[in-house]
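Student: What follows is a single structure, and I will ask about it in a moment.
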Amino acid sequence: MRHVLEIDDLSVPELERILELARRPVAEVPPLLSGQGVACYFAKPSARTRNSTEMAVVQLGGHPVYITAEEVGIDQRESAEDVTRTLACYHRAICARVFEHELLERMAAVDVVPVINLLSDGGHPLQAIADVLTIEAECGPVAGRNIVYVGDANNVARSLVLAIGSLGGKVTVVAPPDRRFNEVDVDRLSAAGAPFTYGDRPEAVTDADVVYTDTWVSMGQEGERDQLLRTFEGYQVDDAMMARNPDSIFLHCLPAHRNEEVTDSVLDGAQSRIWPQAANRLPAVRAVLQWLLEVNTEGGA
């Protein structure tokens, strides 16, 4: 059974196949989920992730079922493994947005239906696929492109480095020393052949094809807000930073904390591509679902 919990679960040809599926128009999407359901488990709320996932299931002919943490009580009412087996009785796949990546690994280890990571503290692979689709549409092939990620080296950054590195691009991570990748992440990126470098702010964006940032205070970190704002002082993406390369584009996985990690003028400016990027979340999850349905079906391609 194949699952997608992180970008490096995929070989380069498999990632390229998913990207190819994502580029196809909706009219060419086969109804692989006709008469079937997909469990959409959300331990934390979302706007883009829920809407893109549910509509992807619909476009594949299926029925999405939104499930909250309170409804199933993983590891309280039932173990993660038993919840997975229960959902597999009714659904062709499980898509899950969780806090701890380990929970996804436990669900996938049951190996009864494909499991897709909609977001965890370890990675955000569907966002990275949407990012690649956006970069390709705006800049051309990823190979040889320089993506400069400014801010917290978090789950989004890790998946981005894995995806861009797999396709021959490079990522420069501009982050405070105490908000860079940990040793486990560095080892995983190295093993996956996804090189990256650290850069100083803001000069690193001069040669950027893409400038990318994420929130400094993620969901669940509200208690650390004041400390994080002090840590990231000077890392805000503003007009002066973007002006270092007027040909670059700006991306943000959203939601944005306006005038915190990025200014209004950049988010709404001519270099911003945040709304095409958000729109690409739909073909990204649809393509991953389609690929998993194909490869997990005997004789599937």
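The values are calculated or read from the model by the stated rules, or taken from the named source; none is laboratory data. Computed from a prediction, not measured in an experiment: that's the story for all the values here. In this analysis, Cβ positions are derived from the backbone assuming ideal geometry, glycine residues included, and neighbour counts consider all displayed protein chains.
Student: Quick check on my filter: what residues within region 246-274 are closer than 14 Å to Pro202 by Cβ and either in contact with a Ser or Thr (Cβ under 6 Å, 6 or more places away or on another chain) or not in a loop (DSSP other than H, G, I, E, B) (or both)?
Tutor: Matches in region 246-274: Phe250, Glu261, Val262, Val266.
Student: Taking the options Asp152, Asp131, Asp121, Asp178, name whichever one is under 17 Å from Cys253 (Cβ atoms), surrounded by fewer than 18 Cβ atoms within 10 Å (Cβ to Cβ) and in contact with a helix residue (DSSP H, G or I) (Cβ under 8 Å, 6 or more places away or on another chain).
Tutor: Only one candidate qualifies: Asp121.
Student: Step by step: first the residues of region 1-42, then only those that are of a type in the set (A, V, I, L, M) and over 30 Å from Ala191 (Cα atoms), then the one that is surrounded by the most Cβ atoms within 10 Å (Cβ to Cβ). Which residue is that?
Tutor: Among residues in region 1-42 that are of a type in the set (A, V, I, L, M) and over 30 Å from Ala191 (Cα atoms), the one surrounded by the most Cβ atoms within 10 Å (Cβ to Cβ) is Val38.
Student: Something else now. Please specify each residue of region 286-301 satisfying the condition of being of a type in the set (A, V, I, L, M) and at pLDDT 95 or above.
Tutor: Selection gives Ala287, Val288, Leu289, Leu292, Leu293, Val295.
Student: Let me ask something additional. Any residue at all in region 68-79 that is modelled with pLDDT of 95 or more, of a type in the set (Gly, Ala, Ser), in the same structural domain as Val98 (by TED's automatic domain parsing) and under 20 Å from Ile129 (Cβ atoms)?
Tutor: No.
Student: Determine whether region 23-31 contains at least one residue that is in the same structural domain as Leu104 (by TED's automatic domain parsing), modelled with pLDDT under 95, closer than 20 Å to Ala278 by Cα and within 20 Å of the chain's Cα centre (by Cα).
Tutor: Looking through region 23-31, none of the residues is in the same structural domain as Leu104 (by TED's automatic domain parsing), modelled with pLDDT under 95, closer than 20 Å to Ala278 by Cα and within 20 Å of the chain's Cα centre (by Cα).
Student: Of all residues in region 228-266, which are crowded, with 21+ Cβ neighbours inside 10 Å and small (Gly, Ala, Ser)?
Tutor: Ser248
Student: Continuing with this model, one more query. Output the qualifying pairs, or none if there are none: Cβ atoms under 7 angstrom, residues six or more apart or on different chains, first residue in region 22-35 and farther than 27 Å from Glu136 by Cα and touching a residue at least 12 places away in the same chain (Cβ under 8 Å), second residue surrounded by 10 or more Cβ atoms within 10 Å (Cβ to Cβ) and of a type in the set (D, E, K, R).
Tutor: Note: pairs meeting the criteria are Leu33/Arg92.
Student: Within region 199-220, how many residues are at pLDDT below 95 and either more than 19 Å from the chain's Cα centre (by Cα) or not assigned by TED's automatic domain parsing to the domain that holds Glu261 (or both)?
Tutor: Number satisfying all stated conditions: 9.
Student: Taking interchain pairs and intrachain pairs at least six residues apart, which have beta carbon atoms under 7 angstrom, with the first residue in region 67-85 and farther than 13 Å from Lys44 by Cα and the second in a loop (DSSP other than H, G, I, E, B)?
Tutor: Qualifying pairs under 7 Å: Thr84/Val112; Arg85/Val112.
Student: Kindly indicate whether any position in region 220-232 is under 24 Å from Pro276 (Cβ atoms) and without any contact (Cβ under 8 Å) to a residue 60 or more places away in the chain.
Tutor: Start the filter on region 220-232 by keeping residues that are under 24 Å from Pro276 (Cβ atoms), which leaves none.
Within region 220-232 (the criterion being under 24 Å from Pro276 (Cβ atoms) and without any contact (Cβ under 8 Å) to a residue 60 or more places away in the chain), the answer is no, since none of the residues qualifies.
Student: Could you name every one of the strands (runs of 3 or more DSSP E) located completely within region 149-228 that has at least 2 residues being aromatic (Phe, Trp, Tyr)?
Tutor: On the way: elements: 170-174, 196-198, 210-213.
Once the strands (runs of 3 or more DSSP E) in region 149-228 are filtered for at least 2 residues that are aromatic (Phe, Trp, Tyr), what remains is 196-198.
Student: Does region 123-143 include one or more residues that are closer than 18 Å to Arg50 by Cβ, in the same structural domain as Thr53 (by TED's automatic domain parsing) and among the small types (Gly, Ala, Ser)?
Tutor: No, region 123-143 contains no residue that is closer than 18 Å to Arg50 by Cβ, in the same structural domain as Thr53 (by TED's automatic domain parsing) and among the small types (Gly, Ala, Ser).
Student: What's the total number of residues in region 62-100 that are on the phi > 0 side of the Ramachandran plot and under 24 Å from the mean Cα position of the chain (by Cα)?
Tutor: 0
Student: Additional query: Please go through region 183-215 and give me each residue that is among the charged types (D, E, K, R), under 20 Å from Ser166 (Cβ atoms) and out of contact with any helix residue (DSSP H, G or I) (no Cβ under 6 Å at 6 or more places or on another chain), ordered by number.
Tutor: Asp187, Arg188
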